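Asker: Sharing a structure here in structure tokens format.
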Amino acid sequence: MDDSTFETFFANPPSTIDMSLLDRARIPHHISCIMDGNGRWATSRGLSRGEGHKAGIVSLREIITACVRLGVDVLSAYAFSTENWSRPQAEVNLLMHLFAKTFIEELPLLHRENVRVVFLGDIEALPDETRRVFEYGLEQTRDHTGMVLALAVNYGGRAEITRAARLIAQRVQAGTLDPEDITQDVVADHLYTAGLPDPELVIRTSGELRLSNYLLWQVAYAEFYVTDTYWPDFDRWGLVDAILSFQHRDRRFGGLSAAKGR
Ligand code: IPE
Ligand code: IPE
Ligand code: MG
């Protein structure tokens, strides 16, 4: 299948999706996915949870390409939280190995699509194999000028804000920053997402209505879209449905509706 253009990639939509309704001039700059439901997807098919995680990676690949075709600037994806270490060791090991293995396998895709990878979270603390591969990928894609793919691995919103507080305190202690000069921009500059726009659309699969410690600071005014679909079943059409929903929202940012005047 030729997936190289927007038209070919989004040819033959299901009957539930009307592509003519999509406003291509109003695609969210930053889309963020909480990729949930791999385990339940697998269990419902009598497969191991590991099979669910493998299937989840296939979905991520499709969503990366879809976002590139749509002209998204930043796609972020929650892959492993600071709380996920509490899962059985065998599942944690499998995930860490899978991250390393697939990341190497997908590097040609990232090169072809001109995608620059960044990581959100403490990747220093990952097992050696995974950390090395991630550092290699960072280095290899550093000069790419297309979409940014921000992978949240060993990420927690509270850990991120705590780290920012520590980094800012160190600057104050060193005398290079006056406490009076600590603005919201200064805080944002000390988060893992420094330099990236805030997510405008956050998608959570598998029906859970919670953030699970994800991008707590950055989602202040994000639009949420929750689908019951498990992540391995989430595809380009699910993404378009989320964007169509986003395009219908009245984003007021605490003000009054743009349509009703201010
Ligand atoms: C999301 O799927 C992937 C990770 C958290 C690594 P889950 O593994 O949470 O799947 P469920 O929620 O148990 O179905
Ligand atoms: C959130 O999913 C984290 C990721 C998708 C990586 P979880 O499955 O860990 O979240 P909870 O435990 O249901 O809140
Ligand atoms: Mg889950």
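The values are calculated or read from the model by the stated rules, or taken from the named source; none is laboratory data. Note that the structure is a prediction, hence the values are computed from the model and not measured. All Cβ positions, glycine included, derive from the backbone under ideal geometry; neighbour counts span all protein chains shown. Accessible surface areas use protein heavy atoms only, side chains included; no ligands, DNA or RNA. Shrake-Rupley method; radii C 1.70, N 1.55, O 1.52, S 1.80 Å.
Asker: Name the residues whose placed amide hydrogens come within less than 5 Å of the amide hydrogen of Val226, ignoring near sequence neighbours (fewer than 5 apart) on the same chain.
Answerer: Amide H to amide H, under 5 Å and 5 or more residues apart or across chains, Val226 pairs with Arg204.
Asker: Next question, about the same structure. At a Förster radius of 45 Å, what calculated FRET efficiency corresponds to the Cβ-Cβ distance of Leu211 and Asp2, to the nearest 0.05?
Answerer: Result of the calculation: an efficiency of 0.75.
Asker: Classify the range 199-262 as rounded, prolate or oblate from the Cα gyration tensor: take a ≥ b ≥ c as the square roots of its eigenvalues, call it rounded if a/c is under 1.5, otherwise prolate when a/b beats b/c and oblate if not.
Answerer: Values: a/c = 3.03, a/b = 1.55, b/c = 1.95.
Oblate, because a/c is 1.5 or more while a/b does not exceed b/c.
Asker: Still on this structure, I have one more. Using the Cα gyration tensor of the range 147-262, with a ≥ b ≥ c the square roots of its eigenvalues, what is the shape: rounded (a/c below 1.5), prolate (a/b larger than b/c) or oblate (neither)?
Answerer: The shape class here is oblate.
Asker: Can you send over the solvent-accessible area of Cys67, 1.4 Å probe, protein chains only, in Å² to the nearest 10?
Answerer: Number for this one is 0 Å².
Asker: I'd like the carbon and sulfur percentage of the solvent accessible area for the chain, probe radius 1.4 Å, heavy atoms only, ligands and nucleic acids excluded.
Answerer: 51 percent
Asker: Moving on. May I ask you to derive the FRET efficiency for Thr16 and Ser257 from their Cβ-Cβ distance with R0 = 25 Å, giving the value to the nearest 0.05?
Answerer: Between Thr16 and Ser257 the formula returns 0.35.
Asker: Suppose accessible area is computed on protein heavy atoms with a 1.4 Å probe; arrange Leu209, Leu75 from highest to lowest. Don't skip to the end; give the middle numbers.
Answerer: On the way: Leu209 150, Leu75 0 Å².
So the residues, ranked largest to smallest area, are Leu209, Leu75.
Asker: Taking only protein heavy atoms and a 1.4 Å probe, what accessible area per residue, in Å², does the range 168-257 have with all protein chains in place?
Answerer: Normalised by residue count, the accessible surface of the range 168-257 is 53 Å².
Asker: Right, something else. If you roll a 1.4 Å probe over the heavy atoms of the protein chains, what accessible area per residue do you get for the range 42-88, in Å²?
Answerer: Using a 1.4 Å probe on heavy atoms only, each residue of the range 42-88 averages 42 Å².
Asker: Taking springs between alpha-carbon atoms closer than 10 angstrom, which of Gly56, Gly121, Gly46 fluctuates most in the Gaussian network model of the chain?
Answerer: For the chain, modelled as a Gaussian network with Cα springs under 10 Å, the answer is Gly46.
Asker: Choose one answer from Glu62, Glu105, Glu113: the residue with the largest mean-square fluctuation in a GNM of the chain with alpha-carbon springs under 10 Å.
Answerer: Looking only at Glu62, Glu105, Glu113, the biggest GNM fluctuation is shown by Glu105.
Asker: Of Ile31, Ile57, Ile168, which has the largest mean-square fluctuation in a 10 Å C-alpha GNM of the chain?
Answerer: Maximum among the listed residues: Ile168.
Asker: Now for a different question. Can you give me the Cα centroid spacing of the range 191-262 and the range 29-61 in angstrom?
Answerer: The range 191-262 and the range 29-61 have Cα centres spaced 19 Å from each other.
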